[in-house]
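Input: a single structure, listed below in structure tokens.
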Amino acid sequence: MDTQPADDLPRYGLYIDGRWSDAASGKLMSVNEPAHGRPMAHVASASAEDVHRAVRAARRAFDSGPWPHTPPAERARILHALADAIEERSAEFAEIESRNLGVPLRKSTFIDVPWSIEHLRVFAELARRQPYEPLPWTDVPSVSWNFVWREPIGVCGQIIPWNYPMLMAVWKIAPALATGNTIVLKPASYTPLTAIMLVEAIHESGLLPRGVVNLVTGPGGEVGEAIVRHPDVDKISFTGSTEVGRRIMELASATVKRTTLELGGKSPSLVMPDADLDLATDGVLFGMYLNGGQSCEAGTRCFVPESLHDEFLERLVARTRTLRIGDPLDLETDVGPLVSEKQRETVEQYIAIGRAEGATLATGGHRARVPGFERGPFVEPTIFTQVRNDMRLAQEEIFGPVLAVIPYRSVTEAIEQANVSNFGLGAAVWSRDIQAAIEVAKRIRSGTVWINDYHILLPHAPFGGYKQSGIGREHGVYGMMEYTETKHIHVDLMQRRDGRIWWDALLPPVE
Ligand code: NDP
């Protein structure tokens, strides 16, 4: 932590009440470029005092500003304009995402940036919907009109992780804005840059009233907790580890905040005996190694029929060894570095745990050496086989390129074992028999099941977890609902005293 670093790297402040400013302490923290293991920018390191300023601005914008009452069509227009502004800077967003996270440019260019734009556009369309739902019948013996009105919740604290920085920022901001809320966004300390660029685009567009979107950077234990504790914050939306999710639930309970939590995973990929093995091989690897395995929904446990085990493993290993590890900015690169040296240490600990538990290392398991990137935290894509589902390797979230292959004897056993997990976020079924695959999907306890695909998170389809993978859903109408309060409005249409027998419970009948 530095107040005035000596280099000339870009510096970014906090965005509060429509203005960029330094942290009250004047402190900055450096942001790394993992491939090179060196800083690429500095960002303000906020404290509780700055959070208070941001929450006050968001509160004011909600309580007395125009945003919550802005007509849906106007909100839609603004979200589309933001999507346009980001689209114009697509290449820049993709490059910064790759440099800051270490994710290959091919992925940031073809997934992170276009999916972010698409999510903004879908929420722009959803914003047009009238937040109104008539109730078709009533129980009162008088004539009345009853309807449900959806209102924005208020000030939303949004805390995001480092693994999909841009997409996560959009997943939080877009539904909150579409429904008329105001925001205090806290990006992850490792990867704040594309969220900052997003807020820059909002600022430059001049489309949102002051205080509607605020951004604070700084350490989660201080800044994140200050947001969650703040009595003027009405809702917390968090994506990150289950451990921090638990802490947030605990803190949010003091003021009974609405909370949406999208947490960890240990998702199963079930290869059925009739699977197309070419498709399943690439599918399992795509489910596992996209983003270097740093995805909450990654398919980290692969269940394979015993009868196919050796053949399938051979295919997996051969294909894994073709993955090119290297410079994230090279379009030929398939796997970049992990986000940090700390994350590499975690992954290496789990590789050691896997060996100690008696699993067989089929490929990988070591640091990868990339010429010119000696300081980057690269790890070879790794496969363990003969894993038992009760091993730590199969039960704990590693968040790196480590696949556990688990042989099974019957489909029933595979489903039962797949469900033996504290998590329940994603899953995949690989089969030629779609009807049978749907039956398997129905028995898997997780929020999303892909059949013959992986990682498809449609902006219209609900995404979230069973069990300790989270609470609530993001995306589409389900995600919108998480940002609204539900109000029943009852309108008496008779406007007469007589006939209201329920009033007689208190008042003498009128003669
Ligand atoms: P965290 O859950 O610690 O961080 C996620 C976000 O929460 C970050 O913005 C972080 O800030 C913030 N935060 C941290 N502590 C608190 C707190 N006490 N109160 C409020 N906010 C807080 O994830 P890590 O980055 O530490 O990763 C650790 C592990 O979590 C990974 O190895 C992986 O297993 C899992 N993980 C899961 C993710 C998922 O999508 N399910 C995403 C990321 C991680 P800051 O960055 O400043 O610490």
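The values are calculated or read from the model by the stated rules, or taken from the named source; none is laboratory data. None of these values were measured; they are calculated from a predicted model. Cβ: placed from backbone, ideal geometry, glycine included. Neighbour counts: every protein chain shown. Keep in mind that these areas ignore ligands, DNA and RNA; they rest on the heavy atoms of the full protein, side chains included. Shrake-Rupley method; radii C 1.70, N 1.55, O 1.52, S 1.80 Å.
Couple of notes before you dig in:
- With respect to the conditions (1) within 11 Å of the ligand (Cβ to nearest atom); (2) acidic (D, E); (3) surrounded by fewer than 24 Cβ atoms within 10 Å (Cβ to Cβ); (4) in contact (Cβ under 8 Å) with a residue 12 or more places away in the chain, E204 lacks only one, and its number is (1).
- Selected residue (criterion: nearest to the ligand (Cβ to nearest atom)) from residues of the stretch 164-189 that are of a type in the set (G, A, S) and out of contact with any strand residue (DSSP E or B) (no Cβ under 9 Å at 6 or more places or on another chain): A174
- If the condition is being within 18 Å of D310 (Cβ to Cβ) and within 16 Å of the ligand (Cβ to nearest atom), then the stretch 361-412 contributes L403, A404.
- Residue within the stretch 318-330 that is touching a helix residue (DSSP H, G or I) at 6+ places or on another chain (Cβ under 9 Å), over 30 Å from P462 (Cβ atoms) and buried (at least 23 other Cβ atoms within 10 Å of the Cβ) present: yes
- Conditions (1) surrounded by 24 or more Cβ atoms within 10 Å (Cβ to Cβ); (2) farther than 21 Å from G472 by Cα; number of the one not met by T182: (2)
- Among residues of the stretch 482-511 that are of a type in the set (F, W, Y), those with a beta-carbon under 9 Å from a residue that is assigned to a strand (DSSP E or B) at least six positions away or on a different chain give the pairs Y483/P152; Y483/C156; Y483/K235; Y483/S237; Y483/R258; Y483/T260.
- Within the stretch 47-56, not a single residue is open to solvent by 20 Å² or more (accessible area, probe 1.4 Å), hydroxyl-bearing (S, T, Y) and modelled with pLDDT under 95.
- Under the condition of being open to solvent by 90 Å² or more (accessible area, probe 1.4 Å) and in a strand (DSSP E or B), the residues counted in the stretch 488-510 number 2.
- Residue in the stretch 266-286 that is touching a His at 6+ places or on another chain (Cβ under 8 Å) and under 27 Å from G326 (Cβ atoms) present: yes
- The stretch 9-59, residues that are in contact with a Gly (Cβ under 8 Å, 6 or more places away or on another chain), assigned to a loop (DSSP other than H, G, I, E, B) and free of Cβ contacts under 8 Å to residues at least 60 places away in the same chain: D22
- Residue in the stretch 60-70 that is under 22 Å from the mean Cα position of the chain (by Cα), open to solvent by less than 20 Å² (accessible area, probe 1.4 Å) and touching a residue at least 24 places away in the same chain (Cβ under 8 Å) present: no
- All conditions in (1) part of a helix (DSSP H, G or I); (2) of a type outside the set (G, A, S); (3) within 15 Å of the ligand (Cβ to nearest atom) hold for P161, with the sole exception of (1).
- Qualifying residue in the stretch 89-101 (condition: crowded, with 22+ Cβ neighbours inside 10 Å and among the basic types (K, R)): yes
- Any hit, the stretch 326-348, residues being within 19 Å of A394 (Cα to Cα), in contact with a Gly (Cβ under 6 Å, 6 or more places away or on another chain) and among the aliphatic types (A, V, I, L, M): yes
Residues checked against (1) at pLDDT 95 or above; (2) open to solvent by 10 Å² or more (accessible area, probe 1.4 Å); (3) more than 8 Å from the ligand (Cβ to nearest atom):
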residue	(1), (2), (3)
R210	yes, yes, yes
D232	yes, yes, yes
K235	yes, no, yes
S241	yes, yes, no
E250	yes, yes, yes
S253	yes, yes, yes
R258	yes, yes, yes
L270	yes, no, yes
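- Residues of the stretch 1-21 that turn out to be in contact with a helix residue (DSSP H, G or I) (Cβ under 9 Å, 6 or more places away or on another chain) and open to solvent by 70 Å² or more (accessible area, probe 1.4 Å), as a count: 2
- Hey, S295 open to solvent by less than 50 Å² (accessible area, probe 1.4 Å), modelled with pLDDT of 95 or more, in contact with a Leu (Cβ under 8 Å, 6 or more places away or on another chain) and within 16 Å of the ligand (Cβ to nearest atom) or not: no
- R432 under 16 Å from the mean Cα position of the chain (by Cα) and of a type in the set (K, R): no
- Restricting attention to the stretch 451-469, the residues that are open to solvent by 10 Å² or more (accessible area, probe 1.4 Å) and within 21 Å of V244 (Cβ to Cβ) total 3.
- Restricting attention to the stretch 83-135, the residues that are part of a helix (DSSP H, G or I), under 28 Å from T486 (Cα atoms) and of a type in the set (A, V, I, L, M) add up to 5.
- Test: I96 is over 20 Å from Y190 (Cα atoms) and modelled with pLDDT of 95 or more: no
- Sub-8 Å Cβ pairs linking a first residue in the stretch 371-384 that is over 12 Å from G326 (Cβ atoms) to a second residue that is open to solvent by 10 Å² or more (accessible area, probe 1.4 Å) and among the acidic types (D, E), at least 6 apart or interchain, are P377/E341; V379/E348, ordered by first then second residue.
- Of the listed requirements (1) in contact (Cβ under 8 Å) with a residue 60 or more places away in the chain; (2) open to solvent by less than 40 Å² (accessible area, probe 1.4 Å), V411 misses just one: (2).
- Condition check for W171: of a type in the set (F, W, Y) and either surrounded by fewer than 24 Cβ atoms within 10 Å (Cβ to Cβ) or assigned to a strand (DSSP E or B) (or both): no
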